[in-house]
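Notes follow once the structure below has been shown.
Please treat every number below as a calculation from the coordinates, not as lab data. Only a predicted model underlies this, so the values are computations on that prediction, with no experimental measurement involved. Every residue, glycine as well, gets a Cβ built from its backbone with ideal geometry; the counts of neighbours run over all protein chains shown.
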């Protein structure tokens with residue numbers, strides 16, 4: 001698939017603008033506050049049905065307006081569903097590419113009131129036909145790489161869960177539906193817990209209903225995440241070698257019962273996929289690993305359980321592996337993130353038989369020359385949209401094939 005045309009109306013800083021893209025690389029150049037990231041956000045919205053930076057959807061509507069619109073024309077691949085008996089497909093909808101068609105994707109955002117009439121806050125349209133997000137998302141597949149991604153490893157577990165969701169929601173409609181249903185059930189169950197905490201009243205029938213709904217969808221999420229982690233560990237790693245450990249929070253009737261008293265006291269659900277994490281582990285003898293762990297390993301031997309005083313966490317050495325979050329160098333952490341992004345591209349390709357659009361949002365300002373060269377290698381053969389304040393990092397031999405869009409004050413030069 002590839003993105004041909006993007007139209008923005010009352011979206012962020014744009015009143016009305018249209019952008020054309022080629023099948024290779026488009027470089028959007030402009031100073032800070034010129035609207036570069038707004039373009040990336042609009043494409044991501046068309047791809048996933050949500051923003052990667054807005055807390056509330058109305059934040060994406062141009063200030064003072066009641067409605068915003070993002071529309072794109074894409075050349076998409078159509079699939080012929082095949083019998084997968086005897087196969088283990090990546091996604092629930094394996095198929096054989098048969099033809100290419102032009103499709104229109106559109107997201108309409110409102111403040112909830114347009115010309116005095118109550119309206120939906122967000123509407124998804126595929127070729128002019130209204131769709132639910134679960135059916136709209138992933139018609140345009142994307143892989144986003146932004147400066148925030150550099151915190152996947154060192155940041156909170158929610159960032160790593162978001163990474164798993166970002167990959168699987170693009171690749172698997174069953175997962176998209178399960179994650180939507182799971183968080184719907186989680187909100188309802190947490191509301192019951194909060195009410196029980198405040199009033200002492202427990203509606204056991206409602207608890208039973210939402211427990212079952214939570215478990216059913218939670219089991220799907222866990223299974224799909226396990227498959228992704230298995231793929232990450234089995235696939236050859238060209239940039240940086242590591243092992244991903246899935247630290248999953250099991251959800252079952254027994255576990256919910258076990259934690260029920262603690263949940264009634266806290267007012268929140270304490271077990272389930274919303275508490276999952278992944279650990280990235282590397283060889284303890286790899287050059288660049290922090291000396292504090294190496295010396296501790298020699299002192300205490302294998303099977304060490306070391307207390308990291310500053311972070312108040314425990315890191316266990318498994319088969320001479322250490323957690324890169326605490327003991328890897330900054331360079332190793334960034335190499336691991338680049339490798340994760342390459343695996344994300346590959347997973348989506350194998351799941352959909354198509355290459356995703358790469359969105360690189362001002363990422364080069366955060367990388368050194370060696371890492372920039374790895375990213376440039378990554379984008380070869382894929383449609384890519386890059387935002388940057390300058391184009392000096394693009395080699396001359398590549399620049400001749402790049403479509404350049406220059407922005408100033410939210411308009412082209």
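General observations
- Helix-derived mean residue ellipticity, 222 nm - over the chain, DSSP H n ≥ 4, -39500 (n - 2.57), to 500: -12000 deg cm²/dmol
- Potential extension, residue 390-residue 250 segment - 0.36 nm per residue separation minus Cα distance: 45.7 nm
- Residues 163, 242, ranked from the fewest to the most other C-beta atoms within 10 Å, line up as 163, 242.
- DSSP-defined beta bridges in the chain - what % are antiparallel, rounded to 5: 75 percent
- A Förster radius of 22 Å combined with the Cβ-Cβ distance from residue 127 to residue 75 puts the calculated FRET efficiency at roughly 0.95.
- Ranked by how many other Cβ atoms sit within 10 Å of their own Cβ, fewest first, the residues 156, 17, 266 fall in the order 156, 266, 17.
- Straightening the chain between residue 206 and residue 365 buys 52.2 nm, computed as 0.36 nm per residue apart minus the Cα-Cα spacing.
- Gain in span if fully extended, residue 119 to residue 173, counting 0.36 nm per residue against the direct Cα distance: 16.7 nm
- Which of 12, 161, 53 has the fewest Cβ neighbours within 10 Å, and the rest in rising order: 53, 161, 12
- Nearest-0.05 FRET efficiency for residue 406 and residue 184, computed from C-beta distance (R0 56 Å): 0.80
- Highest mean packing comes first when the peptides 55-63, 112-120, 27-35 are listed by Cβ atoms within 10 Å, giving 27-35, 55-63, 112-120.
- Value of D in µm² per second that Stokes-Einstein yields for the chain, Kirkwood Rh from Cα pairs, at 4 °C (1.567 mPa s): 55 µm²/s
- Cα-projected label distance for residue 353 with residue 23, points at 7 Å along beta-carbon direction, nm: 1.9 nm
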